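For reference, the structure discussed in these notes is given below.
The values are calculated or read from the model by the stated rules, or taken from the named source; none is laboratory data. Since we're looking at a predicted model, the values are computed, not measured. Reconstructed Cβ throughout: ideal geometry from the backbone, glycine too, with neighbour counts over all protein chains shown. To get the accessible areas, we keep the full protein, side chains included, count just its heavy atoms, and leave off ligands, DNA and RNA. Shrake-Rupley method; radii C 1.70, N 1.55, O 1.52, S 1.80 Å.
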Amino acid sequence: MRSPKPPSKPDCSEPVRGRLFFVWLATAALLIFMVGFAFAGSRPEPLVNNSSASNQVAMLKTYGGSGSCRECHAEEYSAWAGSHHALAERLPALAKEDSAFVPPRTFKHETQQTSFRKQDGHYEVVTAGGRGTNETFPVKRVLAENPLRQMLVEFPGGRLQATEAAWDPRSNEWFNVYGKEDRQPGEWGHWTGRGMNWNSMCATCHNTRVQKNYEPVTDSYHTAMVENGVGCEACHGTMKDHNAWQAANKGRKLKDPTIRKFTRDEMFDTCAACHARRAEITGDPKPGDKFLDHQLLTIVDESPTFYPDGQIADEDYEVTAFMGSRMFHKGVRCLDCHNGHTMKTKLPGNMLCLSCHGPGATNAPSINPVMHSRHKVFGYETNGALVNLDVTKYQPALIKETGGECVNCHMPQTPYMQRHWRHDHGFTIPDPLLTKQFGIPNACNRCHTDQNADWSLKFVEQWYGDKMNRPYRSRAQAVARARAGDDAAREPLLKMLATDEIPYWRAVSANLLQRWSGDKSVTAALLRELQNTNALVRQMVVQALGAAAQAGRPDVSAALESKLQDPSRNVRVEAARLLAPTLDTNSIAGNEYLHFLNHLADQPLGQLQNGVFYFQRGDVTNALAYFKRAAEWDAYSGGIRHEYAMVLSQLGRASEAVEQLEAAVRLQPGEAEFHYKLALALNETGQNARVIPELETAVKCDPRLARAWYNLGLARNGGGDARGALEALVRGATADPNDPRIPYARATMLVKQGQVAEAVTVLRHLLELHPEAVAARQLLELLTRPARRQ
């Protein structure tokens, strides 16, 4: 599943508030030539389906519950019991909830008002429901602990919904997790909508071994789980057999054959299942399973989800940034820093970092915090000498100077849900030059808010000099330029793909190279990386090659088909998506892709993807039903309406396509692609007077949209504006020098205006880039042919 597209640009009119995502899915235009290709390597295992009631009951019975661990593991149990994991979800508790509900109080947020009270021993929330009027909702469960708690209330169809009003137990106040947003009923992101549905969005990571159990026919849930909260078995695996064996062999000091010891990477994959921004493939990961067999990871791409250097921008959690770090690449894993039961860091402050980066501690670079940070550091004299400390007396809250804390420079914090400050786990390097060039935030100015990037850059260059010219900087520059559509990014991205030591960044480069996948050298480089040992790299290469396969490259199509047998499920699912028109749904990859689509079917995006799949396979009736349902479930999504319109257009229902595209531009007026497609649809329905204004809006919103410039040139020429037409074509050629249609159209217009010499120059340049352009060559020969004697 592709990541969301960037929201509308601020220099165009602001979009109507709502979820902004845009799915680039090739609909009926995706024509893949299927060529047999033998795969050498391990074969994938079939997906085990726990969806049947009997299978599920049997599976859940293999769990013993966290309470069964207490007797033998009292210390570990006690450490866990007060952790954020244990309290991730729970029933309302008298000792905890009274402070929020007693006495009754009312909380105003924008145009709405929510009240909280305790009634007959039960806690209630009175707020605007799905119909827009205030209703009373009994609190059934509480989601999370600190720094905020959301209330879960029951809705029809087996649903639980998470309230937008949350309680901050530190300040003892209610607040809106959306901040100043005034979300209304009917929006996907309103607390009554599917974006805040617990069954789909929250349950898996706040509880143990959740089975969503969505029933598409009735649009209802029968969600089941082992226990509330992230219990012992969420990380250690099923323990009922272990409990039975221990009871039968108590005191015999025998090796327990029921216990599986996980590797460091398996434990990381277990953590990653919930601490990553991702799309679920199966919805049923187990401890020890490979992360990429169950998830599609969201990574740095063309969207603003992450900054170009890998820093988190949106609500991205920890794992993606961590995977892009040198720390992860060198083997650091979650439990090296975090206690596995309390989840707190093992040591306070810089002591944790110095346990590896202290003199002689490990083979990691030795760091002197004072000399390195140029700030005061608790525990060090001003000359940089370490002072012996009693860790038990260390009280971070009493320390005023924080500039010398490693995490404040390399793990800057960002607040999410208004109150939750989270550390970036990318272990990034503050670089004010990247701030100046591309607006990428740096830790210096996050703290020194009264200064600008120039001020910070002066000190960084003075202190660190040429050390700043490192791969971190050049990598971020290449990514930022690729996002801007700058052709200068192509070669650095190719170098990243071939040589970057961190696999994550190879995957990022592969994904960003999609823009140039029609270039033969880029295609060749991507094909080579299909054999990369890293599954994330292979997945992004498959995704990047989709356009080349559509263009009729049989070698690319064959290579993609081979990935249906890839050892990793994320790669197989991505290949299946691209090969959907002729996918054998009885194959392992076909079965997995259908499971993936079914698992997503309770969300608008899942309905959209199902619609695309069935449309590609010629089942128009089913496809339209899915598209219609997606638009109904997320009425504020311009992206869904755009995709729906594309299908309607291909079915010859142009007037209906115009209606959907008009809604799309109304919802997201800054999205250039929507204006461009609306212009094409208007032209198709004969509404010619509106075509040029829509195309002009499109290129205003995105001056890089070469197709819009090209069509604007044609439209202006047809309207008698020859000068404006040529100007548009020049801009189009600048936006995409590789599109041969643009200079050819410009040359024909120049000829009609009698500017033959300039037309010849344009055609010659075109043929240098595209010697296969037959029409251009014929026109050039015609224009340069010597005049025949009479």
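Need one word for region 471-541: rounded, prolate or oblate. Basis is the Cα gyration tensor (sqrt eigenvalues a ≥ b ≥ c); a/c below 1.5 gives rounded, then a/b vs b/c decides. Can you show the working numbers first?
Details: a/c = 1.90, a/b = 1.18, b/c = 1.60.
Here region 471-541 falls in the oblate category.
Which loop-located trypsin sites (Lys or Arg not before Pro) does region 329-373 contain, where loop means any DSSP state but H, G, I, E or B and the Cβ has at most 15 other Cβ atoms within 10 Å? Show your work: numbers first, answer last.
Numbers: sites: K330, R333, K344, K346; in loops: K330, R333, K344, K346.
Of the trypsin sites (Lys or Arg not before Pro), the ones in loops of region 329-373 whose Cβ has at most 15 other Cβ atoms within 10 Å are K330, K344, K346.
Give, as a single signed number, the net charge of other residues whose beta carbon lies under 9 Å from the beta carbon of Y63, with Lys and Arg counted +1 and Asp and Glu -1. Provide the component values of the computation, followed by the final result.
Numbers: positive: K61, R209, K240; negative: E227, E233.
Counting the neighbours of Y63, the net charge comes to +1.
Would you tell me the accessible area of D466, worked out with a 1.4 angstrom probe on the heavy atoms of the protein chains, in Å² to the nearest 10?
130
Can you sort H420, H84 by solvent-accessible area, 1.4 Å probe, largest first?
Values: H420 60, H84 105 Å².
Result, largest first: H84, H420.
Where a ≥ b ≥ c are the square roots of the eigenvalues of the C-alpha gyration tensor, would you call region 591-652 rounded, which needs a/c under 1.5, or, failing that, prolate if a/b is larger than b/c, or oblate? Display every interim value, and only then the final one.
Working: a/c = 2.26, a/b = 1.15, b/c = 1.96.
Oblate is the answer for region 591-652, as a/c is 1.5 or above yet b/c matches or exceeds a/b.
Based only on the alpha carbon positions, what is the Kirkwood hydrodynamic radius of region 496-647, in angstrom? The partial results should precede the final answer.
Values: mean 1/r = 0.0616 Å⁻¹.
When all Cα pairs of region 496-647 are included, the Kirkwood radius is 16.2 Å.
With viscosity set to 1.306 mPa s and temperature to 10 °C, compute the Stokes-Einstein D of region 603-687, Rh being the Kirkwood radius across alpha carbon pairs; µm²/s, no decimals. Mind showing how you got there, number by number?
Values: Rh = 12.5 Å.
Answer, rounded: 127 µm²/s.
Counting only the heavy atoms of the protein chains, how much of T133 is accessible to a 1.4 Å probe, in Å² to the nearest 10?
Surface open to solvent at T133 totals about 80 Å².
By how many degrees, 0 to 90 and rounded to 10, does the Cα axis of helix 756-769 deviate from the longest principal axis of the chain?
40
What is the Cα centroid distance between region 56-106 and region 134-187, reported in whole angstrom?
When both Cα centres are located, 19 Å separates them.
Could you sort L254, L160 by their accessible area in this structure, using a 1.4 Å probe and putting the largest first?
L254, L160
Give, rounded to the nearest 20 debye, the magnitude of the charge dipole that the chain has about its Cα centre when Lys and Arg contribute +1 at Cβ and Asp and Glu contribute -1 at Cβ. Before the final figure, lay out each step's value.
Working: 91 positive and 87 negative charges, 193 e Å.
It comes to approximately 920 debye.
What are the semi-axes of the equivalent ellipsoid of region 452-510, taken as the square roots of 5 times the eigenvalues of the Cα gyration tensor, listed largest first and rounded to whole Å?
Working: eigenvalues 127, 41, 14 Å².
Output for region 452-510: semi-axes of 25, 14, 8 Å.
Need one word for region 173-329: rounded, prolate or oblate. Basis is the Cα gyration tensor (sqrt eigenvalues a ≥ b ≥ c); a/c below 1.5 gives rounded, then a/b vs b/c decides.
Verdict is oblate for region 173-329.
Restricting to DSSP loop positions (anything but H, G, I, E, B) with no more than 13 other Cβ atoms inside 10 Å of their own Cβ, which GluC sites (Glu not before Pro) remain in region 692-790?
Working: sites: E694, E696, E727, E758, E768, E772, E781; in loops: E772.
Here the sparse-neighbourhood loop sites are E772.
Which order do you get for L780, L714, L512 if you rank them by accessible area with a 1.4 Å probe, largest at the top? Walk me through the numbers on the way to the answer.
Details: L780 25, L714 70, L512 0 Å².
Ranked list, largest accessible area first: L714, L780, L512.
Using the alpha-carbon centroid of each, what span in Å lies between region 574-617 and region 443-511?
Distance between centres, Cα-based: 37 Å.
Counting Lys +1, Arg +1, Asp -1, Glu -1, what net charge surrounds G237 among other residues with beta carbon under 11 Å of its beta carbon? Please list the in-between numbers first.
Values: positive: R209, K240, R260, K261, K286; negative: E233, D241, E266, D289.
Neighbourhood net charge equals +1.
Where the eigenvalues come from the Cα gyration tensor of region 306-348, what are the semi-axes √(5λ) of the equivalent ellipsoid, largest first, in whole Å? Don't skip to the end; give the middle numbers.
Details: eigenvalues 95, 36, 12 Å².
They are 22, 13, 8 Å, listed from largest to smallest.
Return an integer: the convex hull volume of the alpha-carbon atoms of region 421-580, in Å³ per residue. Let's see the in-between values first.
On the way: hull volume 21.6 nm³, N = 160.
Spelled out: Cα convex hull of region 421-580, divided by residues, is 135 Å³.
Just how many pairs of Lys in region 201-265 have C-alpha atoms closer than 18 Å, counting pairs that are eight or more places apart or on different chains? List each step's numbers first, then the result.
Numbers: K240/K250; K240/K255; K240/K261; K253/K261.
So the count works out to 4.
Highest first, please rank the peptides 505-511, 108-114, 653-659 by the mean number of other Cβ atoms sitting within 10 Å of their residues.
Ranked from most to least packed, the peptides come out as 505-511, 653-659, 108-114.
Under a crude label model (7 Å from the Cα following the beta-carbon direction), how far is T402 from I259 in nanometres?
About 4.1 nm, to one decimal.
Nearest 10 degrees, 0 to 90: what angle lies between the long axis of helix 620-633 and the longest principal axis of the chain (Cα atoms)?
That works out to roughly 60 degrees.
Would you tally the net charge around T734, using a Cβ to Cβ cut-off of less than 13 Å, leaving T734 out, and scoring K and R as +1, D and E as -1?
Working: positive: R704, R731, R746; negative: D486, D487, E727, D736, D739.
Once all neighbours under 13 Å are counted, the net charge is -2.
Can you show me the helix-derived [θ] at 222 nm for the chain, built from DSSP H runs with n ≥ 4 at -39,500 (n - 2.57) apiece and divided by the number of residues, rounded to the nearest 500. Before the final figure, lay out the partial values.
Working: 37 runs with 345 residues, N = 790.
Helices in the chain give a 222 nm mean residue ellipticity of -12500 deg cm²/dmol.
Can you run the Rg to Rh ratio on region 43-160? Use alpha carbon positions and the Kirkwood inverse-distance Rh.
On the way: Rg = 19.5 Å, Rh = 17.8 Å.
Ratio of gyration radius to Kirkwood radius for region 43-160: 1.10.
Nearest 10 degrees is fine. How inclined is helix 588-599 to the longest principal axis of the chain, computing both from alpha carbons?
So the inclination is approximately 70 degrees.
So what does K118 come to for accessible area, using a 1.4 Å probe and Å² rounded to 10?
Near enough 70 Å² of accessible area.
As I understand it, the dipole of region 211-278 uses +1 on the Cβ of Lys and Arg and -1 on the Cβ of Asp and Glu, about the Cα centre. Which of V226, N213, P257 lies farthest toward its positive end?
Most positive-ward Cα: P257.
Hey, what does the equivalent ellipsoid look like for the chain, semi-axes from the Cα gyration tensor as sqrt of 5 times each eigenvalue, largest first, whole Å?
On the way: eigenvalues 462, 218, 165 Å².
Over the Cα atoms of the chain, the ellipsoid semi-axes are 48, 33, 29 Å.
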